[in-house]
Amino acid sequence: MNPLAKQSLKVLLPIIILAISAAAAFTINQNPTQARKAPQAKQAQLNVDAIPLVRSSYTVKLNAYGEVRPRTEGTLVSQVSGTLTQVSPQFQNGGFFEAGETLAQIDDRDYIAAVTMAESDLIQAQFELEEERARGQQAEANWQRIGKGQQASELVLRKPQLAAASAKVASAKASLDKAKLDLQRTEISAPYAGRIVDKKVDVGQFVSTNTELANIYATDYIEIRLPLGPQQVGYLSIPEQYRGNDTSPVKGPHVEMIARQGHKTFKWEGFISRAESTLDSNNRQLYVIAQLNDPYRQRDDGTPPLKIGQFIEAVITANTIDNVFVIPRSALYQGKTVVLVENKLLVRRNVEVIWSDETHAVISNNLNPGEWLVTTPLGNPVSGTRVTIRSQ
């Protein structure tokens, strides 16, 4: 390439580049880039289960636990001394007996002799009393002949001697009564219908006065001591006792007693008879007494009798609350919030729970009949979430 051509190229090349750049800028300016908008995403929608709210009544059930105890227990003791000559076949651990039944017999020969001697002493004292009366009558007659109208002293009329003879008769009668009572006590009888816990003596053993013969308890009914908290007590009508009123057991609220033996569950029906007079100072609980009558009869369904010391669960039928909303416990959040469906949207609402157990919550206000309560667990539900009720 000649020098002239090279010189021309150097001059034209920048002009060509500037022209191309200007043309490109004009084209871009006349055709601006337009942003593409993505289609709007559909709002998330949940499928939930819900139930319509209705007002109803709810009977409160109180759960408590306690230990079976006899209503009366004690120790059978001998009141006289001697050798046991006979015991009842029921005089054994676990044996049943009826009120007045003879459980053991102490050798009574010495006591029969004592009765005979006391009877003899009484007869002798009565004879001396009659003899002294005769002497007194004779002394009074003699004084009337020789007293010349003067007042005779009591000693002359033998009144002190008569009083001493009368006292001797009374003493002899008391001795005879004591001898007969000791003779009766050689026959050891049951003070009430009951059962033997621990037999401590047997035939041939010598017992002294106040020797312990056996530990026993009454079987007409048993009692279970049940602790209740302040909220539970508020829903229970407890039979109260007042000074001067009849203290016989009152049939209060129904109690279902449940005990488990192995894989089997057994139930008994009882009632609350009373409450104790003081609150537990440690936990402020009140103990009520559940009563089960005739616990040791044989039942047709094969349920075994309750054992003293057995641990049981008690379900107490308490008061009925009217005009409330009863919802599943699982539909309650944080103990005070429920989730409703309004216009296909979730709505959280705080409520007042007046009672709850393992399966139900009872609500008194801030709900309306006909509203839909969400029963599907939602974790952390957000108000305003769109939902569809899949079961109505």
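A few remarks follow.
- Of the strands (runs of 3 or more DSSP E) that lie entirely inside the range 192-275, those containing 2 or more residues that are among the basic types (K, R) span 194-199.
- Condition met for R390 (more than 30 Å from I222 (Cα to Cα), in contact (Cβ under 8 Å) with a residue 60 or more places away in the chain and among the basic types (K, R)): yes
- Matching entry among E119, E132 (being modelled with pLDDT of 90 or more, of a type outside the set (A, V, I, L, M, F, W, C) and assigned to a helix (DSSP H, G or I)): E119
- Candidates Q92, Q86: the one that is surrounded by fewer than 17 Cβ atoms within 10 Å (Cβ to Cβ), not in a strand (DSSP E or B) and not assigned by TED's automatic domain parsing to the domain that holds R329 is Q92.
- Residue check, E154 in a helix (DSSP H, G or I) and either among the charged types (D, E, K, R) or surrounded by 12 or more Cβ atoms within 10 Å (Cβ to Cβ) (or both): no
- Members of the range 195-210 that are more than 27 Å from the chain's Cα centre (by Cα) and within 12 Å of E73 (Cα to Cα): none
- Among the residues of the range 322-364, those identified as small (G, A, S) and either closer than 17 Å to D49 by Cβ or surrounded by 12 or more Cβ atoms within 10 Å (Cβ to Cβ) (or both) are S330, A331, S356, A361, S364.
- Qualifying residues in the range 277-312 (those that are in contact with a strand residue (DSSP E or B) (Cβ under 8 Å, 6 or more places away or on another chain) and without any contact (Cβ under 8 Å) to a residue 40 or more places away in the chain) - the one nearest to Y242 (Cα to Cα): L279
- All conditions in (1) under 25 Å from S81 (Cβ atoms); (2) surrounded by fewer than 17 Cβ atoms within 10 Å (Cβ to Cβ); (3) in contact (Cβ under 8 Å) with a residue 24 or more places away in the chain hold for H254, with the sole exception of (1).
- Leading residue by the ranking (modelled with the lowest pLDDT) among those in the range 49-81 that are within 30 Å of L183 (Cα to Cα) and assigned to a loop (DSSP other than H, G, I, E, B): T72
- Exactly one residue among L378, L346, L340 is assigned to a loop (DSSP other than H, G, I, E, B), farther than 15 Å from S57 by Cα and aliphatic (A, V, I, L, M), and that residue is L378.
- Contacts under 7 angstrom Cβ, first residue in the range 99-111 being part of a helix (DSSP H, G or I), partner among the polar types (S, T, N, Q) and buried (at least 17 other Cβ atoms within 10 Å of the Cβ), 6 or more apart: Y111/T186
- Filter pass, T337 being farther than 21 Å from G94 by Cα, in contact with a strand residue (DSSP E or B) (Cβ under 8 Å, 6 or more places away or on another chain) and among the polar types (S, T, N, Q): yes
- Hey, Q45 at pLDDT below 70 and more than 30 Å from K180 (Cβ to Cβ) or not: no
- The lone exception for K180 - which of (1) part of a helix (DSSP H, G or I); (2) farther than 20 Å from A114 by Cα; (3) among the charged types (D, E, K, R) it fails: (2)
- Test: residue in the range 173-194 that is surrounded by fewer than 17 Cβ atoms within 10 Å (Cβ to Cβ), farther than 30 Å from Q79 by Cβ and aromatic (F, W, Y): no
- Taking the numbered list (1) closer than 30 Å to S237 by Cβ; (2) out of contact with any Gly (no Cβ under 6 Å at 6 or more places or on another chain) in turn, T385 passes all entries but (1).
- Per-region count, the range 288-312, residues part of a strand (DSSP E or B) and surrounded by 17 or more Cβ atoms within 10 Å (Cβ to Cβ): 6
The values are calculated or read from the model by the stated rules, or taken from the named source; none is laboratory data. Everything quoted here is computed from the prediction, not taken from an experiment. Don't worry about glycine lacking a Cβ; one is built from the backbone with ideal geometry, like all the others, and counts go over all protein chains shown.
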